[in-house]
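Report on the following structure.
The values are calculated or read from the model by the stated rules, or taken from the named source; none is laboratory data. What you see is a predicted model, and the numbers here were worked out from it, not measured in a lab. Using ideal geometry, Cβ is built from the backbone for each residue, glycine included, and neighbour counts are taken over all protein chains shown. With ligands, DNA and RNA removed, areas are computed over all heavy atoms of the protein, side chains included. Shrake-Rupley method; radii C 1.70, N 1.55, O 1.52, S 1.80 Å.
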Amino acid sequence: MNNKIRISLLSLTVLGLASCDLDAPTQSTLDESTMFSTYALAEAEVMSVNVSFGETNSYRGRYLPYYGLNNDVEIGNSPDITKAGDDNKNDLWNYNTKATNTQMNTDNNAYAMFYQGIERANLAIVGIRKYGNIDTNKDMAQLLGEALTLRAVLYNDLIKGWGDVPARFEPNNNDNIYLPRTNKDVIYKQLLADLAEAENYCYWPNENAITKTTERVSKSFVKALRARIALYAGGFALRGDGFRRSNDPDLAPEKMYQIAKEECEDIINAGYNTLGGFKDNFTKLCQDNVAAGGESIWEIPFSAGRGRVLYTLGIKHNEKDQYTQQAQGGVNGPIAYLYYDYDEDDIRRDITCVPYEWSKDLNNGNSHVQFRAINKWCFGKLRYEWMNRIVTSTNDDGVNFQYMRLADVYLMAAEAENELGNTSGAWSYMKPVLDRVLPAEKVAALQAKYTASQQAFREGIYEQRAFEFAGESLRKPDLVRWGIIDEKMAEAKTKLAALQQRTGAYAGYPDKVYINKSEDKDAIQIYGLNKGEDSPTDEMIETWESKNWFESNGKYTLTDEYINGLYTVQPSTHYLWPIWQTFIDKSNNMLNNDGNLGQL
């Protein structure tokens with residue numbers, strides 16, 4: 001039996017409130033005191049929040065596929081400035097998104113589904129506080145901690161996507177149906193307080209039967225999420241008067257870095273989670289291995305027939321083949337130069353950046369690998385061929401989305417230590433992440449480079465978070481909070497232009513690439529992607545597939561449209577999505593897209 005959480009809604013049903021900014025669930029006639037004083041019933045209420053993650057146009061089909069693109073490591077395959085329009089996905093990526101975009105401007109979109117989940121969490125929080133006897137019942141306290149944390153997940157992602165949003169920390173009632181936007185700083189402070197409280201309630205991984213799975217909230221996740229939110233709260237953001245840090249002294253950068261440092265070091269020192277191999281983390285994810293205590297800290301849980309994680313972030317399969325019963329994948333991928341920016345000895349490179357797909361033509365039911373194109377790389381951290389079950393849905397693969405892993409905790413700790421003035425101590429947290437992916441002598445060279453100064457280490461954080469988390473939707477909010485999104489996006493276009501013509505750092509790469517057309521995922525061989533690989537063997541020439549990688553028929557394969565479509569307006573002032581028109585129209589004039597608040 002697939003070890004996935006099975007969610008049943010005992011008392012929450014979805015009612016569409018056409019006149020407000022969300023779809024809100026209501027409680028049935030089941031007595032509230034019984035519901036929230038009985039563990040099994042209260043647990044079902046808290047777990048119902050997960051339903052909102054899996055709704056068709058929520059995380060599953062809208063937020064995970066589209067949020068975070070484009071940036072200097074991740075891109076939609078393939079952006080083209082000439083294909084913009086209200087109904088086009090490119091407009092969700094190019095920093096010029098309209099409130100009428102038909103991919104998103106629907107009543108059941110992610111924006112509404114997030115508030116649906118928040119309402120479910122609100123009901124559980126109020127009910128458990130009132131009837132759960134959390135002072136004497138630790139398991140009920142765990143449920144309260146989970147509800148507070150899941151609500152924080154939803155609000156954090158609302159702010160990342162839309163900036164200032166209505167703050168709903170109480171169940172819906174006649175007095176709060178229509179709400180204006182709330183300054184994000186007010187929400188951040190509430191989330192930080194909520195998570196500080198939740199830490200007191202939640203068990204560490206494997207400390208209790210409840211937290212033996214990465215699909216349940218543990219103390220490790222509460223602390224890691226609080227660290228991440230602190231970094232966002234103390235960083236740059238778009239405000240009514242510009243792109244800047246908050247002026248609220250409670251959210252001063254040094255205070256937020258101190259929170260991140262303490263929370264991350266608590267997790268590392270407690271030892272309930274351990275780093276394994278880089279590849280092992282992702283193969284476990286693809287194999288539905290949700291045992292707690294490894295690198296994975298918390299995952300958005302999808303049932304076997306729900307969720308489009310591989311569909312969006314996996315290697316492209318063109319047909320139902322020997323590895324999968326789903327012909328999907330390859331929707332998003334690494335930006336064209338990312339592969340070449342890795343050190344050749346970095347094992348993350350060939351796992352993260354994949355230049356091939358699985359063919360449509362089958363030989364005795366078997367597909368083989370074939371090249372895609374320089375502007376259509378696949379992410380390789382998630383692969384249908386690593387799964388150990390059949391995919392029976394047309395679009396949904398059921399693999400969880402890994403929301404937090406231990407490598408992020410280590411690198412957040414490293415960043416916080418450095419920003420607080422302890423660069424040598426910061427290295428001790430970066431080193432374990434690099435030790436597992438690079439030879440010892442190259443780790444030592446990076447140590448000398450990064451620890452030369454606080455700024456050098458800061459730039460090392462920029463670099464290593466790119467290499468470590470490409471394909472995990474962390475890069476765009478990182479660039480925003482660091483205040484360097486304009487700089488890095490301009491640099492990305494410059495690098496793409498150099499790669500297009502093979503100049504500068506990209507000079508000397510051969511144009512012809514070869515792949516052995518393997519039907520075996522473990523026997524794939526590629527030649528021509530590294531400098532110096534311009535002397536193929538006779539076997540490669542005669543029996544392998546070859547392709548002109550940089551130029552074809554006298555034209556660059558990395559087109560100007562690809563480069564110019566990366567962004568079309570200033571990213572720092574347009575990185576947020578607008579609130580979709582349908583919610584503005586039904587908000588009783590309380591919502592608009594006139595700009596985010598700037599008072600704090």
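Counting only residues that are in a loop (DSSP other than H, G, I, E, B) and small (G, A, S), which one in region 67-109 is most open to solvent (accessible area, probe 1.4 Å)?
Residues of region 67-109 that are in a loop (DSSP other than H, G, I, E, B), as a first pass: 67-73, 77-80, 84-88, 93-109.
With the extra rule that they be small (G, A, S), the set shrinks to 68, 78, 84-85, 99.
Numbers: G68: 2, S78: 31, A84: 61, G85: 20, A99: 18 Å².
The extreme case among them is A84.
Among the residues of region 390-403, are any on the phi < 0 side of the Ramachandran plot, surrounded by fewer than 19 Cβ atoms within 10 Å (Cβ to Cβ), among the polar types (S, T, N, Q) and under 20 Å from the mean Cα position of the chain (by Cα)? Yes: one or more hits.
Please give the helices (runs of 4 or more DSSP H) falling wholly within region 300-403 in which 2 or more residues are within 23 Å of Q525 (Cβ to Cβ) and in contact (Cβ under 8 Å) with a residue 24 or more places away in the chain. Steps first, answer last, please.
Details: elements: 309-313, 338-341, 347-352.
So the answer is 338-341, 347-352.
Report, by residue number, each residue of region 484-508 that is open to solvent by 30 Å² or more (accessible area, probe 1.4 Å) and in a loop (DSSP other than H, G, I, E, B).
Our first condition is that a residue be open to solvent by 30 Å² or more (accessible area, probe 1.4 Å); within region 484-508, this holds for 486-488, 490-491, 493-495, 497, 501-505, 507-508.
Within region 484-508, R502, T503, A507, G508 meet the criteria.
Applying the set (1) within 29 Å of Y575 (Cα to Cα); (2) assigned to a helix (DSSP H, G or I); (3) among the small types (G, A, S) to A167 leaves exactly one unmet item: (2). Within region 252-299, the set of residues being among the hydroxyl-bearing types (S, T, Y) and either assigned to a helix (DSSP H, G or I) or over 21 Å from S473 (Cα atoms) (or both) comprises Y257, Y272, T274, T283.
Scanning region 404-430 for residues that are surrounded by fewer than 17 Cβ atoms within 10 Å (Cβ to Cβ) and under 23 Å from the mean Cα position of the chain (by Cα) yields no hits at all. When each of G127, G54 is tested for being surrounded by fewer than 23 Cβ atoms within 10 Å (Cβ to Cβ), on the phi < 0 side of the Ramachandran plot and in contact with a strand residue (DSSP E or B) (Cβ under 9 Å, 6 or more places away or on another chain), the lone residue that passes is G54.
For (1) touching an Asp or Glu at 6+ places or on another chain (Cβ under 7 Å); (2) modelled with pLDDT of 95 or more; (3) surrounded by fewer than 18 Cβ atoms within 10 Å (Cβ to Cβ); (4) of a type outside the set (K, R), each residue gets a yes or a no:
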{"position": "A523", "(1), (2), (3), (4)": "no, yes, yes, yes"}
{"position": "Y527", "(1), (2), (3), (4)": "yes, yes, no, yes"}
{"position": "G532", "(1), (2), (3), (4)": "no, yes, yes, yes"}
{"position": "D538", "(1), (2), (3), (4)": "no, yes, yes, yes"}
{"position": "E545", "(1), (2), (3), (4)": "no, yes, yes, yes"}
{"position": "E551", "(1), (2), (3), (4)": "yes, yes, yes, yes"}
{"position": "L558", "(1), (2), (3), (4)": "no, yes, no, yes"}
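If you go through region 151-209 and keep only what is open to solvent by 30 Å² or more (accessible area, probe 1.4 Å), under 20 Å from E262 (Cα atoms) and among the hydrophobic types (A, V, I, L, M, F, W, C), you end up with A193, A196, W204. The residues listed here are I374, I335; of these, the one that is of a type in the set (A, V, I, L, M), touching a Leu at 6+ places or on another chain (Cβ under 7 Å) and farther than 22 Å from G277 by Cα is I374.
Checking each residue in region 564-591 for being open to solvent by less than 50 Å² (accessible area, probe 1.4 Å) and either at pLDDT below 95 or in a loop (DSSP other than H, G, I, E, B) (or both) picks out G565, L566, Y567, V569, Y575, L576, W577, P578, I579, W580, S587, L591. Taking the conditions (1) open to solvent by 40 Å² or more (accessible area, probe 1.4 Å); (2) closer than 27 Å to A466 by Cα in turn, L362 satisfies each one other than (2).
Among the numbered conditions (1) closer than 25 Å to R181 by Cβ; (2) assigned to a loop (DSSP other than H, G, I, E, B); (3) out of contact with any Pro (no Cβ under 7 Å at 6 or more places or on another chain); (4) not small (G, A, S), the only one that K521 does not meet is (1).
Would you mention how many residues in region 534-563 are in a helix (DSSP H, G or I) and among the basic types (K, R)?
Our first condition is that a residue be in a helix (DSSP H, G or I); within region 534-563, this holds for 538-543, 560-563.
Add one more test, that the residue is among the basic types (K, R), and what stays is none.
Residues that pass the stated criteria total 0.
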